[in-house]
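K.L.:
Supplied in structure tokens, the structure appears directly below.
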Amino acid sequence: MTHQSGPRGKDDFRSERLRLRSWRVADAAFHRRLWEERDGRVPARRRITADGHPTLAELQEWLRAYEPTPPPGLFVVEQVETGVATGYCGLVENSVGRPEEPELAFEFLQEFWGRGFATEASRLIVDRAATMGYEYLASTVREWNTASLHVLSKLGFTDTGERERDVEHGDSLLLRLRL
């Protein structure tokens with residue numbers, strides 16, 4: 001199995017409506033908006049803290065240091081027509097399950113929900129992962145996140161039956177897709 005990716009910035013790709021491109025330090029404000037919009041049921045470590053962390057400067061530093069691991073990594077999703085950043089999508093290290101199965105991750109600003117962007121961008125990533133030699137992808141989703149579960153279902157992900165119990169934030173479900 002091969003997992004090859006080109007140099008940073010060379011992996012940009014698109015569909016008819018969307019362009020997936022590498023992160024830039026200038027994306028820090030957009031990235032912070034995503035953090036600000038997160039559902040209150042998301043664990044505190046993934047939301048803006050009461051004292052304002054992560055700050056814009058902290059997110060800029062994260063972007064400066066970002067390495068697309070596992071390849072091809074995470075991408076900013078922009079609308080082709082306008083160049084407006086709508087969300088991010090890509091592969092991240094598997095937090096549960098099997099390390100050789102990277103996780104598909106996506107998040108979009110609320111104003112762009114319900115337009116099929118998450119499904120469209122995720123299809124691009126799934127196709128790229130298949131051409132890179134991955135055999136499986138995983139995804140973890142809170143059981144209350146029906147929109148994300150719907151996207152994953154449309155892509156062919158199936159529930160493995162594995163759950164990470166979390167009374168406070170809702171159980172995380174592990175889904176898997178054979179490529």
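K.L.:
In segment 49-91, which residue that is open to solvent by 40 Å² or more (accessible area, probe 1.4 Å) and aliphatic (A, V, I, L, M) is farthest from A130 (Cα to Cα)?
P.N.:
A50
K.L.:
Identify, please: which residue in segment 34-47 is surrounded by 12 or more Cβ atoms within 10 Å (Cβ to Cβ) and of a type in the set (D, E, K, R) and is, among those, modelled with the highest pLDDT?
P.N.:
E37
K.L.:
Are any of the residues in segment 106-114 within 16 Å of F157 (Cα to Cα) and open to solvent by 20 Å² or more (accessible area, probe 1.4 Å)? Steps first, answer last, please.
P.N.:
Within segment 106-114, the subset within 16 Å of F157 (Cα to Cα) is 106.
Next, only the ones that are open to solvent by 20 Å² or more (accessible area, probe 1.4 Å) stay: 106.
Yes.
K.L.:
Please state which one of D27, D12 is within 24 Å of A130 (Cα to Cα) and open to solvent by less than 60 Å² (accessible area, probe 1.4 Å).
P.N.:
Working: D27 fails: within 24 Å of A130 (Cα to Cα).
The conditions single out D12.
K.L.:
Please find, among L137, L74, the residue that is under 14 Å from R19 (Cα atoms) and of a type in the set (A, V, I, L, M, F, W, C). Steps first, please.
P.N.:
On the way: L137 fails: under 14 Å from R19 (Cα atoms).
Step by step, each of L137, L74 is checked, and only L74 is under 14 Å from R19 (Cα atoms) and of a type in the set (A, V, I, L, M, F, W, C).
K.L.:
Tell me, which residue of segment 141-164 that is out of contact with any helix residue (DSSP H, G or I) (no Cβ under 6 Å at 6 or more places or on another chain), within 21 Å of P43 (Cα to Cα) and assigned to a strand (DSSP E or B) is least open to solvent (accessible area, probe 1.4 Å)?
P.N.:
Within segment 141-164, the match that is least open to solvent (accessible area, probe 1.4 Å) is R142.
The values are calculated or read from the model by the stated rules, or taken from the named source; none is laboratory data. Since we're looking at a predicted model, the values are computed, not measured. So basically every Cβ, Gly included, is an ideal-geometry build from the backbone, and we count neighbours across all protein chains shown. Side chains are part of the model used for accessible areas, which takes the heavy atoms of the whole protein and leaves out ligands, DNA and RNA. Shrake-Rupley method; radii C 1.70, N 1.55, O 1.52, S 1.80 Å.
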